[in-house]
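The values are calculated or read from the model by the stated rules, or taken from the named source; none is laboratory data. The structure displayed is predicted, hence computed values, not measured ones. As a convention, Cβ positions derive from the backbone with ideal geometry for all residues, glycine included, and neighbour counts pool all protein chains shown.
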Amino acid sequence: MSHSARKHPRQLTAQAPCRVDLAGGTVDIWPLYLFHPGAVTVNFAVSVMARCRVSRLPGRSIHLRSLDTGREESFASLAALGRARDFRHPLAARLVEFFAPQSGLLVETHSESPAGAGISGSSALMMAGAAALAHYTGKRFTREQLRQLGQNLESRIIAVPTGCQDYYPALFGGVSALALRPDGIHRESIPVVPAELNARFVLAYTGAPRQSGINNWEVFKAHLNGDRRVFRNFAEIVHIAQAMRQSLLRRDWHETARLLREEWKLRKTNAPGISTPFIEELIATAGRHGSVAAKVCGAGGGGCVVFLVEPGTGERVAKAIAARGGKVLACALETRGLTIRSGV
């Protein structure tokens with residue numbers, strides 16, 4: 001990327017997909033995976049998109065606008081933004097603060113993910129925003145550098161440690177197995193046929209947002225404080241994630257469903273509140289109409305639930321979930337990750 005060619009475009013738009021985590025979540029928070037050699041996290045990108053548009057403004061003013069939440073704020077200059085203590089749009093503010101554009105700027109964001117859905121809407125938006133601002137300011141970042149930056153800024157915003165897994169579907173799309181090793185994070189693309197996966201999953205929002213940072217923080221602390229039950233659970237979750245990687249490579253959907261059920265059963269014992277009566281009701285209802293496995297996305301306590309279903313039953317399962325009050329999200333496997341385009 002040429003510095004001179006990219007420094008002052010009029011407008012840039014970047015978008016990145018959200019994700020569904022299948023196995024190995026929470027262990028992706030450093031340093032938990034260091035205590036579980038062979039740790040892996042398995043997830044896939046879905047066509048629920050987060051977007052960031054960056055437009056040049058005259059003068060030096062900075063304007064931040066969230067199109068989906070209606071929150072916006074303005075600052076007379078970058079220096080004024082730097083002096084602020086609180087933000088209405090902290091994700092955009094921290095990104096602008098880091099990239100320090102030397103001209104007036106309008107940053108507009110939009111996420112298709114419901115609030116607190118557990119499908120990494122904030123992380124996908126962080127990747128879209130970081131990429132757009134990097135291009136706008138003419139700064140060179142590899143995808144791995146964008147991941148590191150986004151993870152660090154998001155942890156600063158939510159004030160607790162955050163995991164690495166959410167950023168890779170946003171950057172690369174597809175189905176991923178993330179090997180969590182002492183020398184870094186290694187992504188493997190799992191070659192799943194999109195039509196096969198699309199015929200086998202339904203994603204539904206419970207209508208209740210959750211705070212992943214809080215749930216994960218409690219489990220994180222219990223692990224580091226030597227809670228033997230939590231440690232054993234995560235050791236088993238790692239084994240499940242390793243096996244799920246293999247089952248997806250073999251296209252063994254029966255085994256994938258079994259492993260998803262086992263992962264969810266173990267995860268519910270890590271901390272109270274990971275499941276709720278409504279979540280259990282939706283899972284039971286879906287099971288009577290063709291679902292063979294289900295788990296909450298992200299840290300639990302609300303948000304989205306992913307259901308694995310028998311091929312041909314997806315529409316029936318979706319209707320049953322909707323009849324019980326769940327909101328089915330129309331989406332599919334997203335094979336593309338982060339994309340950027342220039343405007344006028």
- line: Ser275: passes all of (1) at pLDDT below 95; (2) of a type outside the set (Asp, Glu); (3) not in a loop (DSSP other than H, G, I, E, B) but (3)
query: Can you pull out the strands (runs of 3 or more DSSP E) entirely within the range 1-98 that have at least 3 residues that are modelled with pLDDT of 95 or more and over 21 Å from the mean Cα position of the chain (by Cα)?
result: 40-57, 62-66, 72-75
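In this structure, does Phe231 turn out to be at pLDDT 95 or above and touching a Phe, Trp or Tyr at 6+ places or on another chain (Cβ under 8 Å)? Walk me through how you get there before you give the answer.
On the way: at pLDDT 95 or above: no; touching a Phe, Trp or Tyr at 6+ places or on another chain (Cβ under 8 Å): yes.
In short, no.
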field: Pairs where the first residue, in the range 317-344, is closer than 13 Å to Phe307 by Cα and the second is of a type in the set (D, E, K, R), C-beta under 6 Å, 6+ apart
entry: none
task: Determine if the range 21-41 includes at least one residue that is out of contact with any strand residue (DSSP E or B) (no Cβ under 7 Å at 6 or more places or on another chain), more than 29 Å from Thr142 (Cβ to Cβ), exposed (fewer than 13 other Cβ atoms within 10 Å of the Cβ) and without any contact (Cβ under 8 Å) to a residue 24 or more places away in the chain.
output: no
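Yes or no, residue by residue, for (1) part of a loop (DSSP other than H, G, I, E, B); (2) in contact with a strand residue (DSSP E or B) (Cβ under 9 Å, 6 or more places away or on another chain); (3) crowded, with 24+ Cβ neighbours inside 10 Å:
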position: Val292; (1), (2), (3): no, yes, no
position: Gly301; (1), (2), (3): yes, no, no
position: Val305; (1), (2), (3): no, yes, yes
position: Arg316; (1), (2), (3): no, yes, no
position: Lys319; (1), (2), (3): no, yes, no
position: Ala330; (1), (2), (3): yes, yes, no
field: Given (1) in contact (Cβ under 8 Å) with a residue 40 or more places away in the chain; (2) on the phi > 0 side of the Ramachandran plot, index of the condition Gly290 fails
entry: (1)
statement: Of (1) closer than 26 Å to Asn270 by Cα; (2) outside any helix (DSSP H, G or I); (3) of a type outside the set (Asp, Glu), Ser122 satisfies every one except (2)
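Taking the range 332-344, which residues are in a strand (DSSP E or B) and either of a type in the set (A, V, I, L, M) or within 15 Å of the chain's Cα centre (by Cα) (or both)? Write out each step before concluding.
Our first condition is that a residue be in a strand (DSSP E or B); within the range 332-344, this holds for 333, 339-342.
Selection gives Leu333, Ile340.
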message: Considering only residues that are in contact with a helix residue (DSSP H, G or I) (Cβ under 8 Å, 6 or more places away or on another chain) and farther than 19 Å from Ser176 by Cα, which ones fall in the range 150-166?
response: Leu153, Glu154, Arg156, Ile157, Ile158, Ala159, Val160, Pro161
- prompt: If Trp217 passes every condition in (1) among the hydrophobic types (A, V, I, L, M, F, W, C); (2) at pLDDT below 95; (3) outside the structural domain of Ile283 (by TED's automatic domain parsing) but one, which one does it miss?
  reply: (3)
message: So if I check each of Val192, Val107, Val202, which one is surrounded by 24 or more Cβ atoms within 10 Å (Cβ to Cβ), outside any helix (DSSP H, G or I), in contact (Cβ under 8 Å) with a residue 24 or more places away in the chain and more than 18 Å from the chain's Cα centre (by Cα)?
response: Val107
